[in-house]
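A.B. asks: First the structure, then my questions, so here it is.
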Amino acid sequence: MAFRIGPPPHRSYWWGLAAILAAAGAMSVLYVADPVFANAHTLSEYIHQPRKWSFLGALLLLVFGSAVALIRTVRGRSLRGPCTRPLLALWTAGLATAAACPIDAGRPSPVGTVHNLASVIAFLSLPTVALIAGRHYRRHPEFWRPAALVRILGVVGFVAVTVFLVTFFGVSPQLVGATERIAVLVELCTLVVLLRWSCHPADSLAPAGPSRTRRCAD
């Protein structure tokens, strides 16, 4: 059974995909509504704007879509690889924590610090999952193509997050919003691919040979 573009065997994929696409749509609307603000401010700062509910809704939809991928990965024992499930759980928990702990306007606070840490953990966890899963399946006779795709997304994700963090810490603050949105776009693409992968039966995703890397979870 090859990794095809066609419908996956489990309907939960469509629920997760709908949530991710709706979140992407909401973020796009926020950008179009005020691109000047969007380019110079992070997504988290929408919490202090009139459109804060659109931002929170998008974030919660992402949590839902990520939870679907995590549940399918655990229950179906798909998307194997060292630590993929704990890292996917970190991504999901990081998004949920960022939604529950908004930043404060104009001043640092413990809650804002938690928000920033959760966001960074989430940003770094998902491309790590992509790189690990891609490496785990890189020699599989049927799945080396999707493995190559997620590896590319993982590398691009790390580059995008690094550029965002550089702008966030003051090198080019006027572009912090733009660089963050590029990073988010890459992460959303990665999440869609991982969601698609997680909804496949585990027996069709078995690696060609035993992994040489010690696993955190399998």
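A short reminder: the numbers here are calculations on the coordinates, not readings from a lab. Bear in mind that the values here come from a model prediction, so they are computed numbers and not experimental data. Note: ideal-geometry Cβ built from the backbone for every residue, glycine included; neighbour counts use all protein chains shown.
A.B. asks: Taking 7 Å along the Cα-to-C-beta vector as the label spot, tell me the Glu142-Trp15 distance in nanometres, rounded to one decimal.
C.D. replies: 2.6
A.B. asks: Quick one, which of (1) 18.7; (2) 20.3; (3) 17.7 is the actual Kirkwood radius over Cα pairs in Å calculated for this model?
C.D. replies: (3)
A.B. asks: Among Val156, Val74, what is the fewest-to-most ranking by other Cβ atoms within 10 Å?
C.D. replies: By the 10 Å Cβ count, ascending: Val74, Val156.
A.B. asks: 222 nm [θ] for the chain, helices only, -39500 (n - 2.57) per DSSP H run of 4+, per residue, to 500?
C.D. replies: Computed ellipticity for the chain at 222 nm equals -23000 deg cm²/dmol.
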